[in-house]
Every structure is written in structure tokens, then in C-alpha cells.
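**Q** I'd like to ask you about the structure that follows.
The values are calculated or read from the model by the stated rules, or taken from the named source; none is laboratory data. Treat the numbers as computed from the prediction; the structure is a model and nothing was measured. Positions of Cβ are backbone-derived with ideal geometry, glycine not excepted, and every protein chain shown enters the neighbour counts.
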Amino acid sequence: MRATTITNLASLERALTNINGALMAIEGTRTSQDFANIIAGGKQTTDEEWAAIQEERGK
């Protein structure tokens, strides 16, 4: 059982590393903002929220 648990945790760690790498590639995009919101227990970014974020960033 312990070996299975360690293997499962290692697989999860690899998956999270891959997700983190992908998010770094799209950092500052609406996709990364939505992902952050969902992970934090929120909802996807609305069009109005994204427009405000973009305006604040000067884009």
C-alpha cells in the first residue's frame, strides 16, 4: 500500500509540475486568470473583469 501511495503522489507531482509549466507559458492571459480563480474556489473571469484587468495592465 505504501509503495502505491508513493507512486500515486509522484504521478500527481509530475502532473502538477506540467500544469505549472503550462501556466507559466500562458501567464497573464485570461486562461491563467480563470484557472487561478477556479483553484481559489471562484468562478471564471467575466468579460467585464477581464477588461478591467487589461486596462489596469495598460493593454
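**Q** Pull out all pairs, ordered by first then second residue, where Cβ-Cβ is under 8 Å, the residues are six or more apart or on different chains, the first lies in region 35-55 and is touching a residue at least 60 places away in the same chain (Cβ under 8 Å) and under 18 Å from residue 19 (Cβ atoms), and the second is assigned to a loop (DSSP other than H, G, I, E, B) and of a type in the set (D, E, K, R).
**A** Qualifying pairs under 8 Å: none.
Okay, residues lined up against (1) out of contact with any helix residue (DSSP H, G or I) (no Cβ under 7 Å at 6 or more places or on another chain); (2) modelled with pLDDT under 80; (3) surrounded by 10 or more Cβ atoms within 10 Å (Cβ to Cβ):
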| position | (1), (2), (3) |
| --- | --- |
| 7 | yes, yes, yes |
| 11 | yes, no, yes |
| 17 | yes, yes, yes |
| 29 | yes, yes, yes |
| 40 | yes, no, no |
| 47 | yes, no, no |
| 54 | yes, no, yes |
| 57 | yes, no, no |
